[in-house]
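Reviewing the structure listed below.
The values are calculated or read from the model by the stated rules, or taken from the named source; none is laboratory data. Keep in mind it's a predicted model, so treat the numbers as computed, not measured. All Cβ positions, glycine included, derive from the backbone under ideal geometry; neighbour counts span all protein chains shown.
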Amino acid sequence: HADLAMYEAKAKGRNTFHFYSQELDAAANERLYIENELRIAIKERQFRLHYQPQVNSKTLEVIGYEALIRWYHPEQGFIPPDKFIHIAEATGLIVELGAWVLEEACGFSTQLQAMGKAGNMSINLSARQFKDERLISTLSEVFKRTNMPPHLLHLELTESMLMGNVEAAIAQLHEIKKLGVALSIDDFGTGYSSLSYLKRFPVDMLKVDRSFVKDIPEDQNDMEITAAIIAMAQKLQLQVVAEGVETKEQVEFLQKNNCFIVQGYFYSPPIAGSEVAAFCERLKLKQLS
Ligand code: C2E
Ligand code: MG
Ligand code: MG
Ligand code: MG
């Protein structure tokens, strides 16, 4: 019996290894495929931006938009950012792609401003872009070319981007702030920035991660964490936005806890630039009723 058991274990081990390496191959192949296709996609301009409104739930005003990249591949169709941003990041392609996002979002924001629909424009910055020494000059050039008032741009960063070399990160944050740009910490609560650092980061806004919001009002822990993040943001005089808000109950819970700016499917998914004006009109009608 012992022999048989050992034989089985070995066979299983071999199989496991076999499957494991097959999976690795598949993952490596997909990565390589995406990497190659990304280079082509940048040249052929296969990307679009969608914009998700950030709404003040009390006044029903749109306070801003988050620009989210969309890749429409000619054969694969829509490829979500979670499938390619990390690869763009690892290969450095994100610097070029990110510069395009910045320019496109600022260009669209100035169009909105011309239509009397001001508001912030948030874009997601990747770690590589944040550390890039050309970031400051890229930002100033884009502001000039697009006529974007810098204070309307919000750059979203994550805790992990700030926690590696904290002193260098703080210095870079100050350089960005000198341009007049606002800074947000995205996915707040999922990384681990210590509270003492948080006070030293010259940031303007925290975005409560969707993972804390999604099970409100069922999950007592998540409700306590969310309330604590909001209270802390207020103590530090930071604005706070709740991400991934999908239900009326969530809006009400957030209001009770003094968080009025929300972003999520409850008000709108990310939408094409051409749909933004219509969204604002619909929200105005709700405001009046
Ligand atoms: P993120 O910055 O945290 O963006 C929020 C994500 O949540 C978006 O996913 C958005 O579509 C989704 N979302 C918004 N409201 C809801 C909701 O009510 N329910 C649910 N289930 N989801 C909601 P998306 O567009 O797939 O983007 C995923 C991530 O990819 C972003 O997370 C961001 O980290 C990254 N990303 C997107 N665009 C860019 C970009 O231009 N540059 C960089 N560096 N990263 C980007
Ligand atoms: Mg974001
Ligand atoms: Mg987020
Ligand atoms: Mg995220």
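I170 falls short on exactly one of the conditions (1) away from ligand 2 (no atom under 16 Å from the Cβ); (2) in contact with an Asp or Glu (Cβ under 7 Å, 6 or more places away or on another chain), and that condition is (2). Under 26 Å from H50 (Cα atoms), within 21 Å of the chain's Cα centre (by Cα) and part of a helix (DSSP H, G or I): is that true of Q287 in this structure? Taking the combined requirement at face value, the residue does not satisfy it.
Of all residues in the stretch 200-252, those being more than 16 Å from the chain's Cα centre (by Cα) and touching a residue at least 12 places away in the same chain (Cβ under 8 Å) number 25.
Applying the criterion of being within 16 Å of ligand 4 (Cβ to nearest atom) and out of contact with any strand residue (DSSP E or B) (no Cβ under 8 Å at 6 or more places or on another chain) to the residues of the stretch 212-245, the residue that is nearest to N124 (Cα to Cα) is G244.
Taking residues in the stretch 83-105 that are within 26 Å of S274 (Cα to Cα), and partners anywhere that are of a type in the set (G, A, S) and crowded, with 17+ Cβ neighbours inside 10 Å, the pairs with Cβ atoms closer than 8 Å and at least 6 places apart or on different chains are I85/S126; I94/A88; I94/S126; L97/A88; G98/S126; V101/A67; E104/A67; A105/A67.
Among the helices (runs of 4 or more DSSP H) confined wholly to the stretch 90-148, which include 3 or more residues that are among the charged types (D, E, K, R)? Explain how you work it out, then say what you get.
Numbers: elements: 93-114, 127-131, 135-146.
The helices (runs of 4 or more DSSP H) meeting that bar are 93-114, 135-146.
Which one is nearest to L97 (Cα to Cα) among residues in the stretch 114-132 that are within 16 Å of ligand 3 (Cβ to nearest atom) and touching a Phe, Trp or Tyr at 6+ places or on another chain (Cβ under 8 Å)? Per the stated criteria, the residue is S122. L93 passes every criterion in (1) more than 14 Å from ligand 1 (Cβ to nearest atom); (2) surrounded by fewer than 20 Cβ atoms within 10 Å (Cβ to Cβ); (3) among the hydrophobic types (A, V, I, L, M, F, W, C) apart from (1). On the stretch given as the stretch 117-165, residues that are among the polar types (S, T, N, Q) and within 16 Å of ligand 2 (Cβ to nearest atom) total 7. Could you please let me know if S184 is closer than 22 Å to R134 by Cβ, within 16 Å of ligand 4 (Cβ to nearest atom) and at pLDDT 95 or above? So S184 fits the description; yes.
Each residue in the stretch 255-289 was checked for being in contact (Cβ under 8 Å) with a residue 60 or more places away in the chain, more than 16 Å from ligand 2 (Cβ to nearest atom) and touching a Ser or Thr at 6+ places or on another chain (Cβ under 7 Å), and 3 of them qualify.
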